[in-house]
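Some notes on the structure that comes next.
A short reminder: the numbers here are calculations on the coordinates, not readings from a lab. For clarity, every value in this text was computed on a predicted model and none was experimentally measured. Please note: Cβ atoms are built from the backbone with ideal geometry, for glycine as well, and neighbour counts cover all protein chains shown.
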Amino acid sequence: FISRLPLNEMEHVGSNFRNLAINVVNHRETNLALSSLIIVLSIYVTIVSVLRRPFVHPLIASTDFNETFMSEESIDYKYSTMSYIMLWLCAIIFGRIISFAKLPSLLGVLLVGIAFKNIPFMSGLLLLDKGISDVLRKAAFSIILIRIAMGFDTGLFRKANCLILRLGAISTLCEIIAITVTAHFIFCVDLRMAILFGIVLTASASAIIFPILANLMAEGYGIGSPFCDVLQSSVPLDNLLCICSLHIATAIVFAVDISYETGIMFAQLIVGIISGFIGGLVLWWLPRYDAEHTHFIRCAMLISTALAFLFGSWTIGCQSGGVFAIAVLTIIAVYRWKLDNRFKISKEEEAFTVIFQLFSMPVMFALIGYDFEITNLDKETVLTGLAIMGIGLLIRFISAFLLSFCAGLTLAEQALMSIVLLSKATIQAALPPQIVVRSFGTMHAHTAVLISASCVLAIIITAPIGQLLIFLGPRVLRVRDANQLCSNISTKEHQTPARTYPLSMFCEKERSEWNIKCHIRSPAGKRWPENLNCIVGKKKILDIFM
């Protein structure tokens, strides 16, 4: 008994400390103070990292060369600032105009950047600093990475992991291998650069697919089919695989000592995953799920923490670790957020969609369009890029179509899914500048230009493919009618008492009440009688369709 007493005392102390920590975190004012502190510290880390200032004494006099915002030549920052504002305004306006033609707005943003660089009377109007552009690109990339990670639904992945892995990973690897083999063995591209070529050109356009898919689901299309669920998790898995693979491959390809760089890369991978996991757990408790303005605080914490991870790791030379940390941080945090409130992550998704449309999309696509110089391209470069891209798209379509068998999809749904996965946009605008910067001054500089040009051409050619969902989705996807819905409800056993609603009220119930807006259509497309009733339990409407 005496020998076990210290152990019992330690357990008692540990239990008391744990209870104290839980009580402190759950205290409303303390929880808000801790959340605010994390936001302020993250912003501070981001600022000192961008400005390359000392973390402890940022105001200390320094004679070091500030490579982020300074150059040997004097820059007119007033002119440069107005140049960025004009480019941003034109990108927003023209992107909106081109969306009226049922084309992706990001395509209009890309064309604005190309116009400012290549049209003679516009080519000399803007003054864009490379350091500022690099910072803006990284900030925009962090928002894109957050949106991709938020789109990865772990619940859906557990239910249909086999099919999601087939379409999100195996078909992606097939296209990467096809592009790599074609570029290396047919067009004599260096094997290392061919691998980068395959990775950066493969990712599907989540920024195009997700909004259209959400609109189709809101109208009731594809609810009885795994089509929407599979796309919702396959595309983020595809994007995350390409992003992580590119950062690993880039570090190894441009390494002086491959064995040393490989070890450093795996160390960054481990540290990034652990940091992201810890950060995600912190966001489980901060802020409180029932606090005022919870969703706003969560968005602020997620953005500030992601920027701190990205720019902090960039400053210490471990940018890949920051990318892994952001992905894991978002996935872990979102997993809890979907369970602790009735809105799930709908408000966060809406907020990040607005940020993407107003900041990330204009920055990414306008800047990569501005880097696209037609005069530096020759016929051989363009034809080579188109040929490599075409072979990759063909292999992706065939592999995705074959891998989607035995998934409960019709042949038309399989074909539509395979076609939609061919669209390219977001990753092709975000990642090529990293390859161009790393290969500058090396023997791979020409190949990097080929990769960047091919990505721009891929966006212009394949981005409208995602819009096929608007036209073909209503024709291909099934709509759940009211008779089938009521049949499912009558055969489903509910543990809670049932309630009766008019069908019109049931259909238009807002997301705040049911977490989904359900539209039910008759086979003929007519409105149902107002007195038609449906028996609905207290469970979510989603349970009815599962």
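General remarks:
- Cα gyration tensor shape for region 129-476, rounded if a/c is under 1.5, else prolate or oblate: oblate
- Computed E for Met443/Ser346 - FRET, C-beta separation, R0 56 angstrom, nearest 0.05: 0.70
- Spin-label pair Thr381/Ile270, simplified geometry with 7 Å Cα→Cβ offset, distance in nm: 4.2 nm
- The calculated FRET efficiency for the pair Ile170 and Ser80, based on their C-beta separation and a Förster distance of 56 Å, comes to about 0.75.
- Karplus-derived 3J(HN,Hα), 6.51/-1.76/1.60, for each residue of region 37-51, Hz, glycine and proline x: 5, 5, 4, 5, 5, 5, 5, 4, 4, 5, 5, 5, 6, 5, 7
- Radius 15 Å from Cβ of Leu167, net charge of other residues (Lys, Arg +1; Asp, Glu -1): -2
- The ranking of Arg147, Arg288, Arg18 from fewest to most other beta carbons within 10 Å of each one's beta carbon is Arg18, Arg288, Arg147.
- R0 of 56 Å, Cβ-Cβ distance Ser99-Asn23: FRET efficiency to nearest 0.05: 0.65
- Derived scalar couplings between HN and Hα for region 298-312 equal 4, 4, 5, 5, 5, 5, 5, 5, 5, 5, 5, 4, 5, 6, x Hz in order, rounded to whole Hz, by the Karplus curve 6.51 cos²θ - 1.76 cosθ + 1.60 (θ = phi - 60°), x for Gly and Pro.
- Size of electric dipole in region 129-476: Cβ of Lys, Arg +1 and of Asp, Glu -1, about Cα centre, debye, nearest 20: 520 debye
- For region 168-175, the Karplus equation 6.51 cos²θ - 1.76 cosθ + 1.60, evaluated at θ = phi - 60°, returns couplings of x, 10, 5, 5, 5, 5, 4, 5 Hz by residue, with Gly and Pro reported as x.
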